[in-house]
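Right, one structure below, let's go through it.
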Number of protein chains: 2
Amino acid sequence: MKKSLIFGISLLLTITGNAQQSMPAHTIVSETALFEREYPRVDEQHQAYFRLYAPKAEDVKVNCCGTFAMQKESDGWWYGRTTPLPVGFHFYHFLIDGVAVADTESNTYCGSFGRSSAVEVPEGPEGNYYRPQNVPHGQVRSVVYYSTFEEKYRRCLVYTPAEYETSFQKRYPVLYLQHGMCEDETGWATQGKVNFILDNLIASGDCNPMIVVMDNGNCGIPFKPKPGENPEEAREAFGATFTPILLRDIIPMIDREFRTLSDREHRAMAGLSWGGRQTLNTVLPHWDKFAYLGLFSAALFIKEDEISKIHNGILADSDAFNKKFHAFFIGTGSEENFGAKQFSDALSELGIKNTFYESKGTAHEWLTWRRCLKEFLPLLFDECP
Amino acid sequence: MKKSLIFGISLLLTITGNAQQSMPAHTIVSETALFEREYPRVDEQHQAYFRLYAPKAEDVKVNCCGTFAMQKESDGWWYGRTTPLPVGFHFYHFLIDGVAVADTESNTYCGSFGRSSAVEVPEGPEGNYYRPQNVPHGQVRSVVYYSTFEEKYRRCLVYTPAEYETSFQKRYPVLYLQHGMCEDETGWATQGKVNFILDNLIASGDCNPMIVVMDNGNCGIPFKPKPGENPEEAREAFGATFTPILLRDIIPMIDREFRTLSDREHRAMAGLSWGGRQTLNTVLPHWDKFAYLGLFSAALFIKEDEISKIHNGILADSDAFNKKFHAFFIGTGSEENFGAKQFSDALSELGIKNTFYESKGTAHEWLTWRRCLKEFLPLLFDECP
């Protein structure tokens with residue numbers, strides 16, 4: 001009776017090894033570590049610490065906001081440390097003799113390559129808005145639906161505010177919120193901390209209670225034109241199936257399954273990186289469906305002199321545009337350059353009202369997007385009942 | 001503007017390589033593969049196919065229901081194949097020169113070691129009860145709560161049936177359903193397919209609509225006594241904190257946040273492997289809280305002559321026991337031996353009514369537990385309104 005279980009345990013212990021090194025001083029286990037694992041760790045200087053058991057490897061590195069060599073101890077474990085990192089969430093992976101692998105001691109998150117490891121650098125005041133507080137908590141629901149466009153079942157994640165559970169007569173506005181390239185519908189709900197950001201802003205009265213829908217943007221793999229494909233056309237096509245899925249399948253399903261306010265005045269869309277691109281390319285041609293949009297570090301690739309021409313010239317008529325849209329948010333990290341500032345300035349020159357936000361000290365990373373969400377949410381649905 | 005994005009894409013393509021080999025004939029991509037990945041694959045004989053890019057490795061194996069050598073091609077990719085596998089879900093990992101790593105092309109699941117890769121062997125008729133069908137779909141909700149026992153925030157997953165969204169006056173019975181060792185609260189909702197099993201059984205009228213709560217059983221690491229620790233005592237303590245967390249924190253929170261029927265007649269508990277052990281050790285001493293229990297491949301470690309003595313001899317008085325409990329389900333795979341049959345027989349000899357179920361051709365694996373759940377659910381809450 002006990003034989004197969006004991007065999008299983010022995011196998012696991014063999015695989016995971018048994019590190020002898022004592023813990024580095026002044027470090028704590030990252031919240032991304034799996035249950036009772038001791039790594040990855042972070043210290044007060046925001047340096048991250050990693051370990052890996054690979055007795056036969058000749059060269060082990062860790063890639064976490066840069067590539068850092070790891071040192072081998074006599075017991076077969078390799079140890080590595082980064083330089084000080086920005087606060088927040090950072091993907092990492094090991095390179096074992098050049099092969100990129102995830103860490104078996106970390107939880108995994110969709111991004112970077114496949115399911116990636118990650119470390120979270122905590123900080124008190126910065127983090128409070130995205131940490132659980134003693135306030136009413138909303139739920140994040142996994143919802144299965146059939147896509148008539150793809151002819152298969154899909155699932156999306158839906159944040160509902162705490163009061164949704166008891167206010168059976170009330171209907172809510174909806175934000176459609178998209179992830180970036182190589183990520184999926186779990187991004188905002190895990191590394192994005194979307195539920196805590198909403199819970200805290202709703203509790204403090206800084207944003208209206210709303211439903212937030214996060215779906216798979218069909219851009220979960222690195223963009224790469226196929227052999228013989230026109231690169232520009234390939235880029236236009238990459239993730240472009242998401243727009244018809246959203247319009248045909250997701251929005252009608254959400255308006256059917258949830259107590260929504262289903263007019264354009266109560267519907268917003270936002271996204272990060274490739275999801276920002278999808279937001280612009282969904283909302284502008286379908287302005288009758290949305291009244292707010294947010295681009296977080298958006299991957300736009302629009303030449304400045306073409307801005308007034310895209311999507312039937314909708315950005316050329318600023319008076320009409322400004323009447324249609326109640327918020328046009330453009331966010332970026334100060335340490336990245338996806339052209340957000342230039343885009344915002346070009347829009348302003350055309351007379352298009354927009355809100356530009358720069359996250360200090362952050363690059364193309366999740367702290368930028370947590371902050372963008374926090375800045376964007378208060379702009380939404382002010383005329384809500 | 002484009003430089004950092006293009007750099008990122010180049011890095012990803014370097015990491016993931018670019019396999020040249022054509023696809024093995026008569027194979028399909030496993031549903032566990034990440035978006036647009038081509039591996040892992042399965043064929044009609046239920047063999048699984050894997051690949052890994054590791055040009056400098058000397059020896060690569062894949063562990064998937066056994067260990068299989070992989071062969072290196074000239075382009076640096078390794079390819080491997082299993083023998084025919086049982087239908088259903090199987091964890092796997094690679095061994096690169098002895099180092100166990102997950103596959104970056106597969107989704108990851110909590111189990112085996114840390115976040116593991118997995119392959120799903122499909123089959124038509126077997127799979128229909130755990131596949132999405134054209135029936136009303138329930139939701140799986142992620143719920144955050146504060147544990148007074150652990151003094152920290154935790155989260156659980158809660159299945160609510162489709163009708164929960166609209167039957168605002170109705171209250172529902174609750175099943176608490178636990179995962180096994182090395183797993184977490186996501187197990188039943190991902191590899192367990194709990195929502196589809198419930199959706200389909202509810203739609204066909206084979207089980208009552210109910211709420212299912214899945215939480216982290218605090219046994220997410222291989223059990224191993226610490227140096228100097230008594231092994232028996234260590235085993236008793238392993239995962240034992242879950243019982244007070246369930247009784248003090250989780251059940252009151254669920255009864256507060258959801259429309260439950262909160263008496264013992266409408267509360268059940270079940271679990272697989274270590275979760276089966278936790279079920280027995282929670283329900284028997286707290287029989288005033290539960291009226292149904294299910295043990296799926298439970299890791300009990302109870303000597304036959306001690307059965308009548310455990311938990312104040314509750315199993316010695318069969319008349320009283322049979323009046324208290326309306327279902328005592330004991331399930332196992334035919335290809336494993338955790339002593340389920342012996343336990344069921346010993347209970348029957350004591351006069352304790354129980355339902356024994358054997359899953360044909362399966363071992364200590366998720367198809368056993370999907371089937372156990374399907375057999376167990378129809379026994380629950382028959383007197384429901």
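The values are calculated or read from the model by the stated rules, or taken from the named source; none is laboratory data. Here the structure is a predicted model, which means the values were calculated and not measured. When we count neighbours, we look across all protein chains shown, and the Cβ atoms used for this are built from the backbone with ideal geometry, even at glycine. Surface areas here come from the heavy atoms of the whole protein model, side chains and all, with no ligands, DNA or RNA. Shrake-Rupley method; radii C 1.70, N 1.55, O 1.52, S 1.80 Å.
What the table below lists for this structure:
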{"quantity": "Length gained when the stretch B:Glu126-B:Gln71 is fully extended (0.36 nm per residue, less Cα-Cα span)", "calculated": "16.5 nm"}
{"quantity": "Overall form of segment B:273-326 per C-alpha gyration tensor (a/c, 1.5; a/b vs b/c)", "calculated": "oblate"}
{"quantity": "List of segment A:175-191 residues, accessible area with partners at least 30 Å² below that of the chain alone (1.4 Å probe)", "calculated": "A:Met181"}
{"quantity": "Segment B:128-379 - percent relative contact order, Cα under 8 Å, separation 6 or more", "calculated": "17"}
{"quantity": "Placed amide H near B:Leu175: partners under 5 Å, 5+ positions off or other chain", "calculated": "B:Ile211, B:Val212, B:Val213, B:Ala268"}
{"quantity": "Three-way shape call for segment B:128-379 based on the alpha-carbon gyration tensor, with the a/c threshold at 1.5", "calculated": "rounded"}
{"quantity": "Among the listed pairs A:Lys61/A:Lys226; B:Lys193/B:Lys324; B:Lys152/B:Lys193; A:Lys324/A:Lys353; B:Lys61/B:Lys360, those beyond 22 Å (Cα-Cα)", "calculated": "A:Lys61/A:Lys226; B:Lys193/B:Lys324; B:Lys152/B:Lys193; B:Lys61/B:Lys360"}
{"quantity": "FRET efficiency, B:Arg264 to A:Glu36 (Cβ-Cβ, R0 30 Å, nearest 0.05)", "calculated": "0.40"}
{"quantity": "Length gained when the stretch A:Ser318-A:Arg256 is fully extended (0.36 nm per residue, less Cα-Cα span)", "calculated": "18.9 nm"}
{"quantity": "Rounded to 5, the percent of DSSP beta bridges in segment B:128-379 classed as antiparallel", "calculated": "35"}
{"quantity": "Chains A and B together, accessible area buried on both sides, 1.4 angstrom probe, square angstrom", "calculated": "6200"}
{"quantity": "Distances in nm from B:Lys323 to the matching label points in the other copies, shortest first (labels 7 Å along Cα to Cβ)", "calculated": "7.9"}
{"quantity": "DSSP beta bridges in the protein assembly as shown [antiparallel fraction, %, rounded to 5]", "calculated": "65"}
{"quantity": "Accessible area per residue in Å² at 1.4 Å probe, computed on the protein assembly as shown", "calculated": "39"}
{"quantity": "Shape of segment A:12-139, Cα gyration tensor, a/c cut at 1.5", "calculated": "prolate"}
{"quantity": "Inter-label distance, nm, simple model (7 Å from Cα along the C-beta direction), A:Thr148/B:Arg171", "calculated": "4.1"}
{"quantity": "For B:Ile302, solvent-accessible area (1.4 Å; no DNA, RNA or ligand), Å²", "calculated": "40"}
{"quantity": "Calculated label separations, B:Gln71, copies of the chain, 7 Å along the beta-carbon direction, nm", "calculated": "4.4"}
{"quantity": "Rounded to whole Hz, the Karplus (6.51, -1.76, 1.60) HN-Hα couplings of segment B:180-189, x for glycine and proline", "calculated": "x, 4, 6, 10, 9, 5, 7, x, 5, 7"}
{"quantity": "For A:Lys353, inter-copy label distances in nm, listed shortest first [label point 7 Å out on the Cα-Cβ vector]", "calculated": "7.0"}
{"quantity": "Amide H contacts under 5 Å for A:Tyr53, placed H, 5+ residues apart", "calculated": "A:Trp78"}
{"quantity": "Drop in accessible area of at least 30 Å² in the complex versus isolated chain, residues of segment B:41-80, 1.4 Å probe", "calculated": "B:Lys56"}
{"quantity": "Peptide-level mean, for B:25-35, of C-beta atoms on other protein chains within 10 Å", "calculated": "2"}
{"quantity": "Average other protein chain Cβ within 10 Å of Cβ, residues A:88-97", "calculated": "2"}
{"quantity": "Part-to-part distance (alpha-carbon centres) for segment B:148-205 and segment A:354-383, which is given in Å", "calculated": "34"}
{"quantity": "Protein accessible area in segment B:21-122, 1.4 Å probe - carbon and sulfur %", "calculated": "48"}
{"quantity": "Qualifying aspartates and glutamates (Cα of each under 14 Å from Cα of B:Lys374; at least 8 residues distant if same chain)", "calculated": "B:Glu126, B:Asp199, B:Asp206, B:Glu358"}
